[in-house]
Amino acid sequence: MTTLTSKMNKLSRREKLALYGLVKYPHFTDKEIAHRVNMKVSTFSSIKQRLKKAGYFKRIRIPMLQRLGAELFCVIYTHFNQAVPLESRIQKTASTIEVFEEIFYSVGDTFRGFSISVARNYSDVTRIEDKRIETFGQMGLLEVEYPTMVLFPFETSRIERFLDYAPILKKNFQIDDRDLVNEDDIEDELNEGADTYAKDAFNANEPYELSKTEKLIFCTMVDNPDLSDKALGDILPVSRHTISNTRRKLESLGILRTLCVPSLKLLNFDVLSIYHITYNPGNVPDQDQVLDRIMDDSTIFLCSRRFESFMISAYPDYETAKDESAKMIQYLKSNDLMTDRMMIEEFSVKNMITIKDIKFGPIARKIVDEP
């Protein structure tokens, strides 16, 4: 039995393939993933359990709240006065700002921080922002500038990648087509399957109204992503059959998606970079340029509207981060696609603090009015 360590290059080849399969196909069964990574089911299941126990990945369920009444994504990033200790800042903001249901992801270090929210409307966003500025002001955290708020209304924006770590794992694990069943064939299976996800679920805005029972099952699934349908049946006042049918329905409609998120820290990634790119209003990149030349295999999150993008990327080391950023900036500048207003912040994965770690349950309940 292979002993797992915190070094990415210490994972065995099979462990890398298993983790990649889990991240690439998070809603598939062990049997299905094992087939796709050319592994015996028993071997895959054993490796999966070891990876899970060691903390190499976690399973989350993502609610497509834009279909249920939410209107926008909001990104906030801030620079802080370093005279205020990080521990004091986190302790204070945890009880005043992070308690807002809208914030589902928040990280920071000694002098920077950013968060991502999803909200029902602009009023909810500004309510949080007012409290944030008030709190930061009282603590003396703001030196020169207020926090920067970037809004992405679902109706006028595109989410090109949402916490998708499969490309970066494939690149850094050096996985090639010889390791896998033909991925084009797999995509055909996904598109044809009765229980497939909506292909572009993150950008589908058609409203959907959940029934009372669907609300209960939906929110409980978001709160408990590791529980099977059978385990959910033990805590919900509905049958396992109803739970399974509802899950399949919500997944096929693109209302609920499952993701596996790997631990960048255990995989020995050094850098998490955020980018806020403002485009030249007279020469805006088209979607192909965004997908092919701005986003790359290191990108784990990218949301864009016509004149700006916000992107999160991860890198194994600072040299790679610098090289990849330089390539993107060179392309944007040489094609006159960007203004001078481009923000890049690099966080040390080892030293940054995750204040809220992809927590969708509270905002899901708020949006669908489920207690």
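Bear in mind these aren't lab numbers, they're just calculated from the coordinates by the rules spelled out. Worth saying up front: this structure is predicted, and the values here are computed from it rather than measured. Backbone-built Cβ (ideal geometry, glycine too); neighbour counts: all protein chains shown.
Any chance you could get the radius of gyration and Dmax over the Cα atoms of region 270-348, in Å?
That works out to 11.8, 37 Å for Rg and Dmax.
Whole-Hz Karplus ³J(HN,Hα) for region 75-81, in order, using 6.51 cos²θ - 1.76 cosθ + 1.60 and θ = phi - 60°, x for Gly and Pro?
10, 10, 9, 9, 9, 10, 5
Return the long-range amide H neighbours of THR258 (sequence gap of 5 or more, or a different chain), with a cut-off of under 5 Å between placed amide H atoms.
ILE62
Show me 59-68, 232-241, 43-52 ranked by packing, highest mean number of other Cβ atoms within 10 Å first. Present the calculation step by step, with values, prior to reporting the outcome.
On the way: 59-68: 21.5, 232-241: 13.0, 43-52: 17.6.
Those peptides, ordered most packed to least, come out 59-68, 43-52, 232-241.
Take every Cα-Cα distance within the chain, group them into 10 Å bins from 0 onward, and report for each bin the whole-number percent of pairs it holds.
Percent of Cα pairs in each bin: 5, 22, 32, 29, 11, 2, 0.
Could you quote the convex hull projected area for region 250-289, Cα atoms only and averaged over all directions, in nm²? Please list the in-between numbers first.
Values: hull surface 23.1 nm².
Projected over every direction and averaged, the Cα hull of region 250-289 covers 5.8 nm².
Among all the lysines, which ones have a C-alpha under 16 Å from LYS215's C-alpha, if same-chain residues fewer than 8 places away are not counted?
Within the straight-line cut-off, LYS215 pairs with LYS249, LYS366.
For the chain, what does -39500 (n - 2.57) per DSSP helix run (n ≥ 4), summed and divided by total residues, give at 222 nm, in deg cm²/dmol to the nearest 500? Please list the in-between numbers first.
Details: 12 runs with 136 residues, N = 371.
After summing the helix terms and dividing by residue count, I get -11000 deg cm²/dmol.
Taking the mean number of other Cβ atoms within 10 Å as a proxy for protection, how do you rank 281-287, 254-260, 136-142 from highest to lowest? Write out the running numbers ahead of the final one.
Working: 281-287: 11.3, 254-260: 21.1, 136-142: 15.7.
Top of the packing list down: 254-260, 136-142, 281-287.
Counting alpha carbon pairs within less than 8 Å and at least 6 residues apart, what relative contact order, in whole percent, applies to the chain?
Numbers: 578 pairs, mean separation 99.3, N = 371.
Result for the chain is 27 percent.
D for region 20-100, whole µm²/s, Stokes-Einstein with Kirkwood Rh over alpha-carbon pairs at 20 °C and 1.002 mPa s: what number? Can you show the working numbers first?
On the way: Rh = 17.0 Å.
D = 126 µm²/s.
Going by Cα centres, region 332-370 and region 202-247 are how many Å apart?
If you average the Cα positions of each part, the centres end up 27 Å apart.
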